[in-house]
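Here is the structure we will look at.
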Amino acid sequence: MPLPPLVLSMGDPAGVGPAITAAAWDALKNDSSLAFYVIGAPDLYSQHCPVQEISSPEEAAAAFGSALPVFPIRNLPEIAPGKPDAAAAPAIISAIETGVAHVRAGKAAGLVTNPINKALLYGTGFRHPGHTEFIAELCRSDGAAALRPVMMLTGGGLRVALATIHQSLASVPGSLTRDSLVELGTIVHAALKTDFGIPSPRIAFSGLNPHAGENGALGREEIEIINPAAETLRSRNIDISDARPGDTVFAEALSGKYDAVIAMTHDQGLIPVKTLDFWGGVNMTLGLPIVRTSPDHGTGYDAAAAGNPRPDSLIAAIKSAAMVARNRQTQ
Ligand SMILES: NC(=O)c1ccc[n+]([C@@H]2O[C@H](COP(=O)([O-])OP(=O)(O)OC[C@H]3O[C@@H](n4cnc5c(N)ncnc54)[C@H](O)[C@@H]3O)[C@@H](O)[C@H]2O)c1
Ligand SMILES: N[C@H](C(=O)O)[C@H](O)COP(=O)(O)O
């Protein structure tokens, strides 16, 4: 059965989002299997490419070959590229909310988010650390327990999931628990099978401390938290390593030993992916009932102001969302 189109959220209108969305449409417009529409203000896109306003997602597929389908947002003040403005915050948030609602209603196959400036949104009272946590909250059904969203970055031959996401480095050791790592390993294992089609995934835990703690001499989180979590997961038939040294585990994964690495901190996990493949990197959220991906870069205000920012990572995110949606459909 053909899937519905993907939906893109506008992101920060002063960032690279509008230009890379138009450029991605231009690159993909002849491939109906990657059809998408964007929720945003039509004027943001019409300066870059032909645009067709749509009043429902069902109109997107027919329009896609000749114009960028735009599901319009009307409450956006005029914004110049490279000049962030907090007045755009309600429209930025509403584009994400509407995108999630469309996917949950089955009108779109997955959500691809354009970058937002987190500090700008925090300043207007936005209380979620990023898309990842906000979208998990939007996906929570009334009265249900909170979902555990998992950030995974792919690129450069790596898949890297994060044990901790948007939090200070100082708070990381205190928030690592055995139960939380068991839950995380279970979600990553299920996603590798379902979303990536890997029948028998092999996963590595990275250590937190240098040399994975050097038998406890350089830190005890490996002995007391990470390795016991790995043991529990192995007892449930999940192929996962004890904590591997963080400086070599990514080279081991690149050599083919692991299908994914679980990193303990945001930068430990994202530095290898963004360094190896900034333009092909994709950020995706595992553990949700909807498909969600994003480029691996941020708002890139300087690139937006200079004009012609690169759409490569957004294109990779669109292709990844389509792949995951297809894989989920065939389960
Ligand atoms: N998915 C997201 O929403 C997301 C992801 C990462 C960062 N951010 C946000 O982005 C903001 C800026 O973060 P940052 O400066 O650390 O990272 P950034 O990715 O925006 O910029 C890093 C460098 O890459 C360049 N760049 C980024 N995208 C580009 C593109 N498409 N074409 C050409 N050059 C590009 C920038 O000009 C800059 O030199 C922060 O507010 C952060 O919260 C959002
Ligand atoms: N941590 C991500 C990165 O650095 O690429 C980024 O901030 C995006 O996070 P959300 O998808 O939660 O907005």
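Quick note: the coordinates plus some simple rules give every number you see, no bench work behind them. Here the structure is a predicted model, which means the values were calculated and not measured. Don't worry about glycine lacking a Cβ; one is built from the backbone with ideal geometry, like all the others, and counts go over all protein chains shown.
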Highest GNM mean-square fluctuation among Phe36, Phe196, Phe64, for the chain with Cα springs under 10 Å, belongs to Phe196
Pick out which of Phe134, Phe71, Phe250 has the largest mean-square fluctuation in a Gaussian network model of the chain, springs linking Cα atoms closer than 10 Å.
Phe134
Can you say what percent of the DSSP beta bridges in the chain, counting only those with both residues inside, are antiparallel? Round to 5.
30 percent
Charge tally in the Cβ shell below 15 Å around Pro289, where Lys, Arg are +1 and Asp, Glu are -1, Pro289 excluded:
+3
Environment charge of Leu68, counting only residues whose C-beta is closer than 15 Å and scoring Lys/Arg +1, Asp/Glu -1
-4
Dipole size in debye (nearest 20) for the chain around its Cα centre, Lys and Arg Cβ +1, Asp and Glu Cβ -1?
500 debye
Can you tell me what share of the DSSP beta bridges in region 150-270 is antiparallel? A percent to the nearest 5 is fine.
30 percent
Gyration tensor on Cα atoms of region 150-270, a ≥ b ≥ c root eigenvalues, a/c under 1.5 rounded, else prolate if a/b beats b/c, else oblate, says rounded
Cβ-Cβ cut-off under 12 Å around Gln167, Lys and Arg +1, Asp and Glu -1: the net charge is -2
By a straight-distance test (C-alpha under 26 Å), which lysines pair with Lys107 as possible cross-link partners, with residues fewer than eight away in the same chain excluded?
Lys29, Lys193, Lys319
Centroid-to-centroid separation of region 71-95 and region 177-218 [C-alpha atoms, Å]:
38 Å
